[in-house]
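**Student:** If you scroll down you'll find the structure; I have some questions about it.
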C-alpha cells in the first residue's frame, strides 16, 4: 500500500498534463485576440497623429510662405518630392514612404469655403484599423473624401475610397 502511494505522488498523469496544455492554449488564444485589437488601436492612433502632423506642417508652411503647396490642385504628396521636402522641414518626424498607399492634399471642388483637405489612403487589408478609425471619426474630425464624418455604411465614397481618411485644415 505504501509503495502505491509513493508511485502516485512522483509525477503527473497524462490527463492532468493534457488539461494544463488545453488551459494554456485557451489563454494564449485570448491574449492573441486582445493583442491584435491593441495593435489596430495603435495603428489607428498613428494614422490620426500623421494626419495632424501633416496638417500642422501645412499650416506652418502657409504661415512662412503665404501659399498652399500647389493649391488648388490635387497633390499626391508621396509622389511629389518637392512638396514632400517642403513639408518635412516642418514635421517633427517624417512619414515613412511605405506606411500609406497615398498621402495627398487637395482643395475640395464642391466646397466654396476653400478649405484644404489632407488625407491618407491605407493599404488594403487594414480592416481592423479602418474600424478603429471609423469609431473615432466624429471625436477626432476624420472625414471621407466628400467632407462628411467618416462612416463606411453611409458614405457616398466608392468601395475603393473607403480606405481613405481625411482632415480639413
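**Student:** Could you identify the single residue in 57, 29 that is in contact with a helix residue (DSSP H, G or I) (Cβ under 6 Å, 6 or more places away or on another chain), assigned to a helix (DSSP H, G or I) and at pLDDT below 90?
**Tutor:** 57
**Student:** So, one more: Looking at the range 92-113, which of its residues are touching a helix residue (DSSP H, G or I) at 6+ places or on another chain (Cβ under 8 Å), modelled with pLDDT of 75 or more and assigned to a loop (DSSP other than H, G, I, E, B)? Quick ask: steps written out before the conclusion?
**Tutor:** First pass over the range 92-113, keeping only residues touching a helix residue (DSSP H, G or I) at 6+ places or on another chain (Cβ under 8 Å): 92-95, 97, 99-105.
When the remaining residues are screened for being modelled with pLDDT of 75 or more, the result is 92-95, 99-105.
Residues satisfying the conditions are 92, 93, 94, 95, 99, 100, 101.
**Student:** Shifting gears a bit: How many of the residues making up the range 114-130 are assigned to a strand (DSSP E or B) and either at pLDDT below 80 or surrounded by fewer than 22 Cβ atoms within 10 Å (Cβ to Cβ) (or both)? Steps first, answer last, please.
**Tutor:** Pass one, the range 114-130, residues assigned to a strand (DSSP E or B): 117-121.
Cutting the leftovers down to either at pLDDT below 80 or surrounded by fewer than 22 Cβ atoms within 10 Å (Cβ to Cβ) (or both) gives us 117, 121.
Going through the range 114-130 one residue at a time, the tally reaches 2.
The values are calculated or read from the model by the stated rules, or taken from the named source; none is laboratory data. Being a predicted model, the structure only gives us computed values, none of them experimental. Note that each Cβ is placed from the backbone with ideal geometry, even for glycine, and that neighbours are counted across all protein chains shown.
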